[in-house]
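Participant: A single structure is presented below for examination.
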């Protein structure tokens, strides 16, 4: 089990930062204190990379297509996705409800941007798995992102690579494509979700 000491120290440090600002009224902050406060503020402040995700906020009707193999006809289902900013615009929360493979399906995802690592980060949890999927990504063009990560295969118990491509098609539409390895090991489109803004 990993030690929680580094996390606790970070939390205590973050909680103490406002005290530095208050104490500034009574004495001059040292250069080290100023540098530390500025670094934490810069790392924790949402910026343009976060705002770029704003086009995906709102309530969306979705059409989902699952592909079992390259060239196979997709299985189609529908759902509703509610996307909103949380934690002061630091993470875009997605709450999805619909169906998948003939079963009720719910999922929760979070997408943000890590200012220190200079990359997008994502997590996904749903009602058909006990795992949390982690991905990291970059903007490949205005309104387009590519994420990569791994997903455990229940059949083999081994991690499989995955790719996700998100494209803003306009103010009222965006698409999500997931790629995974086929039987030959080559990546193919395993899922596509088309989001249309609910009027």
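Read the figures in this text as sums done on the coordinates, not as results from a lab. Since the model is a prediction, treat every value here as computed from it, not as a measurement. Ideal geometry is used to build each Cβ from the backbone, glycine not excepted, and the neighbour counts take in all protein chains shown.
Participant: Rounded to the nearest 10 degrees, what's the angle between the helix 31-44 long axis and the longest principal axis of the chain, both from Cα atoms, 0 to 90?
Facilitator: Relative to the chain, helix 31-44 is tipped by roughly 20 degrees.
Participant: Also: Pick from 147, 105, 96: which residue has the top mean-square fluctuation in a GNM of the chain where Cα pairs under 10 Å get a spring?
Facilitator: Taking springs between Cα atoms under 10 Å, the residue moving most is 105.
Participant: For the chain, find the longest principal axis of its Cα atoms and tell me its angle to the long axis of helix 5-23, 0 to 90°, nearest 10.
Facilitator: Tilt relative to the chain: about 50 degrees.
Participant: Moving on. Report the calculated FRET efficiency for residue 150 and residue 69 (r = Cβ-Cβ distance, R0 = 25 Å), to the nearest 0.05.
Facilitator: On the way: r = 20 Å, r/R0 = 0.81.
Result of the calculation: an efficiency of 0.80.
Participant: Sort 81, 129 by Cβ crowding within 10 Å, fewest neighbours at the top.
Facilitator: Working: 81 21, 129 13.
Taking fewest neighbouring Cβ atoms as first place, the list is 129, 81.
Participant: How far, in nm, would the chain grow between residue 140 and residue 114 when pulled straight, counting 0.36 nm per residue and subtracting the alpha carbon separation?
Facilitator: Difference between extended and current length: 7.7 nm.
Participant: Can you give the FRET efficiency for residue 167 and residue 61, using 1/(1 + (r/R0)^6), R0 = 22 Å, r = Cβ-Cβ distance, to the nearest 0.05?
Facilitator: Details: r = 17 Å, r/R0 = 0.78.
Between residue 167 and residue 61 the formula returns 0.80.
Participant: Taking R0 as 25 Å, what FRET efficiency do you get between residue 187 and residue 49 from their Cβ-Cβ distance, rounded to the nearest 0.05?
Facilitator: 0.45
Participant: Could you calculate the contour length gain from residue 129 to residue 34, that is, 0.36 nm times the residue separation minus the distance between their Cα atoms, to one decimal place in nm?
Facilitator: Between residue 129 and residue 34, full extension yields 29.7 nm more.
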